[in-house]
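Asker: Handing you a structure now.
The values are calculated or read from the model by the stated rules, or taken from the named source; none is laboratory data. Computed from a predicted model, the values in this text were never measured in an experiment. When we count neighbours, we look across all protein chains shown, and the Cβ atoms used for this are built from the backbone with ideal geometry, even at glycine. Only protein heavy atoms, including side chains, enter the accessible area calculation; ligands, DNA and RNA are left aside. Shrake-Rupley method; radii C 1.70, N 1.55, O 1.52, S 1.80 Å.
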Amino acid sequence: MPVKSLCVMVSGGGSNLQSVMDAIARGEIKARIALVLSSREDAYALTRAKNAGIPTRVVAPSSYGSREAFDQAVLEALEASGADYIILAGYLCLLGGNIIGKFKNRIINIHPALIPAFCGKGYYGEKVHKAVLEYGAKVSGATVHFVDEGTDTGPIILQTCVPVLDEDDEHTLAARVLEKEHELLPKAVKLLTEGKLRIEGRRVRITG
Ligand code: GRF
């Protein structure tokens with residue numbers, strides 16, 4: 001049985017990408033990263049991939065005259081990569097419906113909060129943690145979920161919690177959550193590539 005191929009989509013530093021790369025290198029995940037696809041030329045995630053000999057491509061929205069042309073270029077890159085699954089790891093563009101339809105239930109995303117809280121349009125990066133602190137929440141965390149047509153609305157695969165401390169600012173909270181993300185995403189990718197995730201309505205059951 002050939003190992004599953006992944007395309008990891010990024011826009012930034014790539015620490016979540018690195019956590020998946022490292023889990024594969026340790027033999028914990030039996031899969032290969034066929035492509036790292038970035039929406040930005042300057043994403044350090046591309047350097048991480050190149051250092052590991054992983055193919056990279058940049059499909060930047062600013063290079064296309066329309067949303068449709070951009071979505072089509074992203075779809076073509078994904079199909080050309082031969083990826084079985086798509087991992088959004090800090091990817092900051094919305095995926096077009098063409099992609100979500102083509103890769104139904106084969107795309108996962110990691111969000112730095114406990115969905116359905118502090119998620120959706122405009123909630124990304126440190127904006128998430130600022131909102132958590134402003135609201136006065138006492139716990140936060142990370143969520144890995146399937147990607148559907150909404151923003152951060154697909155069925156939840158795994159979640160993990162962290163305490164929010166009185167002395168936290170958005171930087172300290174982000175760092176505590178990110179540390180947990182690096183444990184959570186590889187776990188979810190392992191379950192996904194081993195076929196152990198069964199979607200039942202809004203719920204995801206872990207089998208086997
Ligand atoms: C992470 O906090 C992730 O939850 C969010 O964007 C950040 C990406 O960080 N989607 P990195 O690029 O993986 O370091």
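Asker: Sorted by accessible area (1.4 Å probe), largest first, how do Met1, Met9, Met21 line up?
Answerer: On the way: Met1 200, Met9 0, Met21 25 Å².
Sorted descending by solvent-accessible area, the residues read Met1, Met21, Met9.
Asker: A further question follows. Compute the helix-to-body angle for 126-135: its Cα long axis versus the longest principal axis of the chain, expressed 0 to 90° and rounded to tens.
Answerer: Once rounded, the angle reads 30 degrees.
Asker: With a sphere of radius 15 Å drawn around the Cβ of Glu149, what net charge do the other residues whose Cβ falls strictly inside it have (Lys, Arg +1; Asp, Glu -1)? Could the numbers behind the result be given before it?
Answerer: Numbers: positive: Arg67, Lys102, Lys104, Arg106, Lys121, Arg202; negative: Asp71, Asp148, Asp152.
Net of charged neighbours comes to +3.
Asker: Over the stretch 78-128, what number does the Rg to Rh ratio reach, with both radii from the alpha-carbon atoms and Rh per Kirkwood? Intermediate results must be reported in sequence, preceding the final value.
Answerer: Details: Rg = 12.4 Å, Rh = 12.3 Å.
When Rh is taken as the Kirkwood radius, the ratio is 1.00.
Asker: Could you compute Rg(Cα) / (2.2 N^0.38 Å) for the chain, with N its residue count?
Answerer: Numbers: Rg = 16.4 Å, N = 208, 2.2 N^0.38 = 16.7 Å.
Rounded to two decimals, the normalised Rg is 0.98.
Asker: Related question: Per q in 0.15, 0.19, 0.21, 0.23 1/Å, what log10 I(q)/I(0) does a Debye calculation on the alpha-carbon atoms of the stretch 41-143 return?
Answerer: Log-scaled intensity ratios, in q order: -0.78, -1.10, -1.21, -1.29.
Asker: Additional query: Using a 1.4 angstrom probe with every protein chain in place, what is the largest-first accessible-area order of Cys161, Cys119?
Answerer: Largest to smallest exposure gives the sequence Cys161, Cys119.
Asker: Okay, which of the stretch 153-186 sit inside 16 Å, backbone N to the point 7 Å along the Cα-Cβ direction of Lys121?
Answerer: 153
Asker: Taking the DSSP beta bridges in the chain as the whole, what percent of them are antiparallel, to the nearest 5? Write out the running numbers ahead of the final one.
Answerer: Numbers: 15 of 32 bridges.
If we restrict to bridges inside the chain, about 45 percent are antiparallel.
Asker: Can you tell me the Rg and Dmax of the stretch 97-179, counting just the alpha carbons, in angstroms?
Answerer: Final numbers for Rg and Dmax: 13.4, 45 Å.
Asker: So how far, in whole Å, is the C-alpha centre of the stretch 115-176 from the one of the stretch 10-54?
Answerer: Value for the Cα centre distance between the two parts: 22 Å.
Asker: For each pair in Lys4/Lys102; Lys50/Lys127; Lys127/Lys190; Lys102/Lys180; Lys104/Lys127; Lys50/Lys196, compute the distance between the two Cα atoms and list the pairs where it is over 22 Å. The partial results should precede the final answer.
Answerer: Values: Lys4/Lys102 17 Å; Lys50/Lys127 29 Å; Lys127/Lys190 29 Å; Lys102/Lys180 30 Å; Lys104/Lys127 29 Å; Lys50/Lys196 30 Å.
Over 22 Å apart, Cα to Cα: Lys50/Lys127; Lys127/Lys190; Lys102/Lys180; Lys104/Lys127; Lys50/Lys196.
Asker: Among Met21, His129, Leu35, whose Cα lies farthest out toward the positive end of the dipole of the stretch 1-135, if unit charges sit on the beta carbon of Lys, Arg (+1) and Asp, Glu (-1)?
Answerer: Comparing the listed Cα positions along the dipole, Met21 ranks first.
Asker: Given the DSSP H assignment, sum -39500 (n - 2.57) over each helix run of at least 4 residues in the chain and divide by its residue total; what's the result at 222 nm in deg cm²/dmol, nearest 500?
Answerer: Values: 6 runs with 74 residues, N = 208.
After summing the helix terms and dividing by the residues of the chain, the value is -11000 deg cm²/dmol.
Asker: Which one, Ser63, Ser19, Ser81, has the greatest fluctuation when you compute a Gaussian network model over the chain with C-alpha springs under 10 angstrom?
Answerer: Taking springs between Cα atoms under 10 Å, the residue moving most is Ser63.
Asker: Among Asp169, Asp148, Asp71, which one shows the biggest mean-square fluctuation in a GNM of the chain, springs joining Cα atoms closer than 10 Å?
Answerer: It is Asp169.
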